[in-house]
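Here's the structure, in structure tokens; my notes come after.
The values are calculated or read from the model by the stated rules, or taken from the named source; none is laboratory data. All values reported here derive from a predicted model rather than from experimental measurement. We place every Cβ from the backbone using ideal geometry, glycine too, and count neighbours over all the protein chains shown. Please note that ligands, DNA and RNA were not included when accessible areas were found on the heavy atoms of the full protein model with its side chains. Shrake-Rupley method; radii C 1.70, N 1.55, O 1.52, S 1.80 Å.
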Amino acid sequence: MTLPKTDNRKARLISLYHVLKSHHRCGWALTLLIATLLLLSVLAGVNFQTSNKLFLEGDIAQTDVVADKDLFVEDFKGTQERLEKALRLQPPVYDLTITPYLKFQEKLVSTMRILNNDPNSHTDEERKQLEELKDNLTPTISEEILPELARPEVQDVLLKSILPFILQKMSLGLVSDIRQSHVGRSGILIHDLDADRDILRPELSSLPDVHSMLAEISVKLRQDTRLNPQSRRALNVLLSTTLPPASLSLNQEATKRKEEELRTSVEPVLYHIQRGESIVRKSERVTHEQFIKLQAFYRSSENLIAWDKTCGSFLCALCLALGFFVAPSGKPGSPLLAKDVYLLSLLLLLTGLCALGCYLLALHTDLRYLPVLSTMFPVASAVGLTSTIFAARRYCTMGLLCAFFATLLLHTTWQIFIFYFLGSMLFTWLVVSSYSRQDTAWTIFPFTIGQILIWLGVSLLSQLPTETLLPQIIATIVNSFLTIFILFAVSPILELIFDYSTRFRLMELMSLEQPLMQQLMVQAPGTYHHSLIVANMVEAGAKAIGANSLLCKVAALYHDIGKLTYPAYFIENQFGGPNRHDKLAPSMSALILLSHVKKGVELAKEHGLGQEICDIIQQHHGTRIMQYFYQKALKQGENTSESEFSYLGPRPQTKESAIIMLADSVEASSRTLTDPVPARIKSHIDKIVKGIFAEGQLDESELTFKDLHYLSENFQRILTGLFHQRIAYPESKKNKEENGQTVEKTLEKEGEKDGEGKNEELGAGSVAGIISR
């Protein structure tokens, strides 16, 4: 079905407007819901154990002290020792560069070239360089060693053996004085300035210095047979005088920066105290570790309310509570009535107060029982009750909120939150899948098995000791039985006090053995047949768009019960007989048709069908005009207006009401199709839906264009199956003659029966056929 497109932004603004408009009427109820969330958040932040005893280190404990919550306590002395140990292992940072060596090599090679040249040919620059060398060596020594340095074999040893050796040492790292160097237990961290990279040298226990390298050079020179003693002395003097400074230098700023980073990254020494753990027992001497734990618990118990926990809980609860009003897609949900919000607030409050009561019970007896009490607490019962009334989005939101506050008020861990939420979702799935109270009672077995499996998964996450296995499994079984018991005990109270049609009540009303349905089948078989088809159509459509399919189906069965007052005045119950409206004025006919809505609401209230079904009966025609009688009145010249021939409404306020309006109109009008092939059925459905949409009858419901498309598809599928054709099987001539004689005898026997009774039987037969399909 093709419907006009609209701007997404505009559609969202309109949706937001409808949300505000639909919820402003239950302002006090919303205030109560927010107050409930705030109260539970405050209770979650209250410290109920304010009398912690503080015993000093070395004292004899006068009483037992047991942890009432999980807490991490820092050991400052242990943290300082860990930091000092880490600092000792932190390697110092040294900068490495061979740039000084390259300058030294260049200057040394230049000096050798000058010595090889004729003194008379020296330039001023070369003479100046030579004079600087003589000043460094002192004039006396220079006169002795310069001639030796000019010898070819000496220069060959210096350039080909000694300089590569010095380069190798310098590249690996060389300090000026080993007495002033520092090596950590993990070696040193070398930052190569030339290559801009860091190299960790963990194998170093000490650093080579210039003096040790000169000693190695002296040994190397003594081993060279090409040199005489004067040449060796000349090279030793030259290198000791002109050798560049160290290639490694301690970078104190970088070392200090690394130490600061280490200080911030070192994890503190924490003692993890679990709830129920004994910190110190009576008559024990308090150790240093116990004293630290006692101090931490004493400080945490000084404030009556932890406001940070309260504010955080309240903000999280508000965000979760949005699920009651807004769908995950951002579209508004069906509006909540004031009684809906009251019920949700009451269930939340009772769940929270019961969880707090369990915690106080454990606090005043023995906190070691708290894990068992937490597992035993039946959070799923409140969520299961919600699932009997509301759709999936709202009972999932209820599951999150109940699990959230139960976890906070029981002062337990996030693993229990997972247990509560998954158990609630399992229970709601079992409840929604049940078709009677007996089916729900039998869910105790799969629910118990599922809860045990969920708890086993949670226990593996929590790494619980194996000795808690049996008590926790017993507590899980008790949880399952309490959940089922509370569901059956409270659901009738909800139906009575809040006038709800719970899922159990709807399943009972769906039975065709109900008195109203039996009365409808006997007195108005055509209407009964019509209601069954509409029920199948709305059930399929509601499932396709995520509406409450059970409510839709039950409401469709009862939407025309008002026709029981004057069944013969409705075309589906005339079975080809005379039309009584032919003898009535159009205005009188309109009054009779209008009355079936009012009478239907009265019958629904009389038989206790529930407010939701009453609302749907009242809204299933909206404010539409009875065009046939209105046009008839105009043709007869009556002075009338459209309001006299319009249903009183109101227009459909929910998805469920709108679905039934569409299905009712489509099914009733489809009876006029002469050749109901699929293409003609589709065209007919599109025409009816577009007409209702154009009249504005769906403006106050939450149906979207996408929903209308899915509804049209499912209506077409149901009607196409209803109007399906069968193949006519050929018969032999003998069978035809026998069948003809049988039919003639039957007609003769039935000829004396009343025609109206025959019609009722045929109507009942057609209904039975639909039920069997």
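Overview of values
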read-out: Share of carbon and sulfur in the accessible heavy-atom surface of segment 367-414 [1.4 Å probe, %]; value: 71
read-out: Cβ-based net charge around Phe629, under 15 Å, with every Lys or Arg adding one and every Asp or Glu removing one; value: +1
read-out: Solvent-accessible area, 1.4 Å probe, carbon plus sulfur percent, for segment 148-265; value: 49
read-out: Heavy-atom accessible area per residue - segment 544-632, 1.4 Å, Å²; value: 42
read-out: Cβ-defined net charge surrounding Leu550, 9 Å radius [Lys, Arg +1; Asp, Glu -1]; value: +1
read-out: Overall form of segment 594-675 per C-alpha gyration tensor (a/c, 1.5; a/b vs b/c); value: oblate
read-out: Added length on full extension, which subtracts the Cα-Cα distance from 0.36 nm per residue, Glu143 to Asn116; value: 8.2 nm
read-out: Cα-based shape type of segment 79-204, given that a ≥ b ≥ c are square roots of the gyration tensor eigenvalues and the cut on a/c is 1.5; value: prolate
read-out: Probe 1.4 Å, accessible area per residue of segment 337-466, Å²; value: 40
read-out: Exposure rank, largest accessible area first [Thr674, Thr111; 1.4 Å]; value: Thr674, Thr111
read-out: Listed peptides 373-379, 665-671 by packing density, highest first (mean Cβ within 10 Å); value: 373-379, 665-671
read-out: Prolate/oblate/rounded call for segment 378-459, Cα gyration tensor, a/c under 1.5 rounded; value: oblate
read-out: At R0 = 45 Å, FRET efficiency that the Cβ-Cβ distance of Asp59 and Leu496 yields, to 0.05; value: 0.15
read-out: Segment 67-112, accessible surface, carbon-and-sulfur percent (1.4 angstrom probe); value: 57
read-out: Accessible surface, 1.4 Å probe, highest first, among residues Glu606, Glu144; value: Glu606, Glu144
read-out: Asp699 accessible area, assembled protein chains, probe 1.4 Å, Å²; value: 80
read-out: List Ile452, Ile477, ordered by accessible area with a 1.4 Å probe, largest first; value: Ile477, Ile452
read-out: Charge context of Glu81, other residues only, Cβ under 12 angstrom, K/R +1, D/E -1; value: +2
read-out: Sites Thr241 and Ile178 - FRET efficiency at Förster radius 22 Å, r taken between beta-carbons, to 0.05; value: 0.60
